[in-house]
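Contents: one structure, followed by commentary.
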Amino acid sequence: MSRVKETKAVASVQDRLGRIVILEQGQWEHICKHEQLDGHELAVMRAVETAEKSKAGNFSGSEILYGQNLGPARWLAVVVEYDGFHGRVITAYPHNKEPRLAA
């Protein structure tokens, strides 16, 4: 018998391409280990909604979305893992330098 992992969504939004992205409780707890982001869950989700820049992530199906002036740093980077038209936030971190995008 297979078991379905139950997750509790903290928030969900649509990204700029119309894909639904959720932030799960466990991932939010992971993100809060970056003390600068504790209490900034709305900023994290706003970065997903309004990302001004993005690039491929380090693993298949992932993207790094960058929102500017939303959190405790100049940029807020959010790593999202996508499966078709749905995604989930993996992590997020403050980023002060201009994001380097692939040419």
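The values are calculated or read from the model by the stated rules, or taken from the named source; none is laboratory data. Bear in mind that the values here come from a model prediction, so they are computed numbers and not experimental data. Glycine also receives a Cβ, built like all others from the backbone with ideal geometry; neighbour counts cover every protein chain displayed. These area figures cover heavy atoms from the full protein model, side chains too; ligands, DNA and RNA do not enter into them. Shrake-Rupley method; radii C 1.70, N 1.55, O 1.52, S 1.80 Å.
Are any residues in the range 49-95 at pLDDT below 90 and open to solvent by 40 Å² or more (accessible area, probe 1.4 Å), and if so, which ones?
Within the range 49-95, Pro72, His95 meet the criteria.
Need the failing condition index for Gly26 against (1) small (Gly, Ala, Ser); (2) in a strand (DSSP E or B); (3) under 17 Å from Lys8 (Cα atoms), just the number.
Every listed condition holds for Gly26 apart from (2).
Which numbered condition trips up Gln36, out of (1) surrounded by 15 or more Cβ atoms within 10 Å (Cβ to Cβ); (2) assigned to a helix (DSSP H, G or I)?
Against the list (1) surrounded by 15 or more Cβ atoms within 10 Å (Cβ to Cβ); (2) assigned to a helix (DSSP H, G or I), Gln36 comes up short only on (1).
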